[in-house]
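Everything on this sheet refers to the single structure shown next.
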Amino acid sequence: MPSDDFDELSSLEKLRDILCNISGNEKLANRFRALFYLKSVGEQWKQDQSKADTAVRYISECFHHSNSELLKHEVAYVLGQTGNLTAAPILRDVLEDLNQQVMVRHEAAEALGALDDEGSLQVLLKYFNDPKEVVPIKQTCELAIERIKWANSDKPKNEKIEKSLYSSVDPAPPMPIDAEDADNLQKLKFLLNDQDAPLFDRYRAMFRLRDMDTDEACEALASSFDDPSALLKHEVAYVFGQIGNPIAVPHLSKVIARSSEAPMVRHEAAEALGAIATDDVLPVLKEHLKDPVEVVKESAIVALDMYDYENSNEMEYAEVE
Ligand SMILES: [Fe+2]
Ligand SMILES: [Fe+2]
């Protein structure tokens with residue numbers, strides 16, 4: 001569909017049909033746009049719970065209407081970001097569905113953490129403790145458990161957390177600004193890279209570095225791109241997309257070019273490059289339009305499409321009236 005049709009969208013059903021590609025002709029990037037419109041309704045549950053719940057249900061239909069790992073992982077992410085607890089049982093089902101791809105199950109577990117849902121602790125513990133489970137899922141569950149425990153303790157009230165520049169609900173809060181090492185770049189870098197430290201603390205150092213918003217902090221973040229944890233690296237790539245500092249471009253370009261790197265990391269590097277969108281990013285993304293890893297290829301396609309779209313001045317991306 002032409003993109004300006006989104007201006008006239010009146011019904012959630014129409015958005016669902018685009019998201020789920022009922023016509024069979026929707027471009028992936030348009031399906032993403034429909035998802036973000038639905039998200040903006042799903043997150044307004046305080047104003048209108050029933051309309052928000054309808055949006056959440058429609059978003060969730062995508063899990064059964066798509067094979068795209070990229071789209072479904074984004075659907076899981078978005079559901080967690082709505083803060084709407086109606087999404088919790090749906091996300092638990094996705095985490096438990098071993099037919100869903102790893103990135104999709106990972107994002108479902110991460111989203112359960114973002115929802116701060118104590119009712120999900122049991123299922124998160126199940127996969128955290130499962131010796132057969134793959135490492136990125138185990139680590140995601142570990143983080144989600146720690147986040148839920150943190151969110152349901154006195155800590156959010158008592159800790160001095162700097163208000164983030166970003167609207168995302170992250171897998172861990174940043175390190176409090178009154179913590180001893182909160183302004184010590186070297187110590188934060190050390191903690192981020194300390195494989196013996198709890199992952200939750202390493203993430204807290206990561207988000208503190210993000211919020212410092214300096215070139216030096218970006219270099220400290222990039223130092224973790226040789227860590228064995230794909231999960232940690234994918235989050236650092238995500239954070240680079242948020243910060244938007246072009247200093248990250250060579251690091252992200254190196255990561256996306258590593259064929260041995262986990263798809264979730266390379267995918268997130270592609271998205272971050274798309275978000276930074278300096279001139280030197282375009283050839284890098286174009287190179288991956290035919291990447292043999294589907295989720296990387298799709299990420300490059302969507303990132304380039306968004307780039308064209310944002311530069312066409314047709315409308316603000318994913319804004320809803
Ligand atoms: Fe993720
Ligand atoms: Fe992602």
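Each value in this text was obtained by applying a stated rule to the coordinates, not by laboratory testing. Every value quoted in this text rests on a predicted model; they were computed, and no experiment measured them. All Cβ positions, glycine included, derive from the backbone under ideal geometry; neighbour counts span all protein chains shown.
The residue list Leu98, Val134, Thr86 was ranked by how far each Cα lies along the charge dipole of segment 47-136 toward its positive end, using unit charges on Cβ atoms, and Leu98 comes out on top. Springs join every pair of Cα atoms under 10 Å in this Gaussian network model of the chain, and among Gln100, Gln81, Gln195 the largest mean-square fluctuation is at Gln195. Within the listed set Val104, Val239, Val123, the Gaussian network model of the chain (springs between alpha-carbon atoms below 10 Å) gives the highest mean-square fluctuation for Val123. Taking the Cα centre of segment 159-321 as reference, the dipole from Cβ charges on Lys and Arg (+1) and Asp and Glu (-1) amounts to some 520 debye. Among Ala272, Ser253, Pro176, whose Cα lies farthest out toward the positive end of the dipole of segment 159-321, if unit charges sit on the beta carbon of Lys, Arg (+1) and Asp, Glu (-1)? Going by the charge dipole, the pick is Ser253. The sum of -39500 (n - 2.57) across all DSSP H runs of n ≥ 4, divided by the residue count of the chain, sets its helix-only mean residue ellipticity at 222 nm to -18500 deg cm²/dmol. Among the chymotrypsin sites (Phe, Trp or Tyr not before Pro) in segment 58-122, none sits in a DSSP loop with a Cβ that has at most 11 other Cβ atoms within 10 Å. Cα centroid distance between segment 98-135 and segment 162-227, in Å? Centre-to-centre (Cα) distance: 23 Å. For segment 135-231, the list of chymotrypsin sites (Phe, Trp or Tyr not before Pro) that fall in a loop by DSSP and count at most 10 other C-beta atoms within 10 angstrom is empty. Taking a quarter of the surface of the Cα convex hull of segment 11-158 gives a mean projected area of 9.0 nm².
Couplings 3J(HN,Hα) of segment 254-259, computed from phi: 5, 5, 5, 7, 6, 6 Hz, in residue order, whole Hz [Karplus 6.51 cos²θ - 1.76 cosθ + 1.60, θ = phi - 60°; x for Gly and Pro].
Under the criterion of Cα pairs below 8 Å and six or more residues apart, the relative contact order for segment 159-321 equals 14 percent.
Based on C-alpha pairs under 8 angstrom that are at least 6 apart in sequence, segment 120-198 has a relative contact order of 19 percent.
Rounded to two decimals, the Cα-based Rg/Rh of the chain, with Kirkwood Rh, is 0.95. Taking trypsin sites (Lys or Arg not before Pro) in DSSP loop conformation with at most 10 other Cβ atoms inside 10 Å as exposed sites, the chain has its longest uninterrupted site-free stretch at 164-289.
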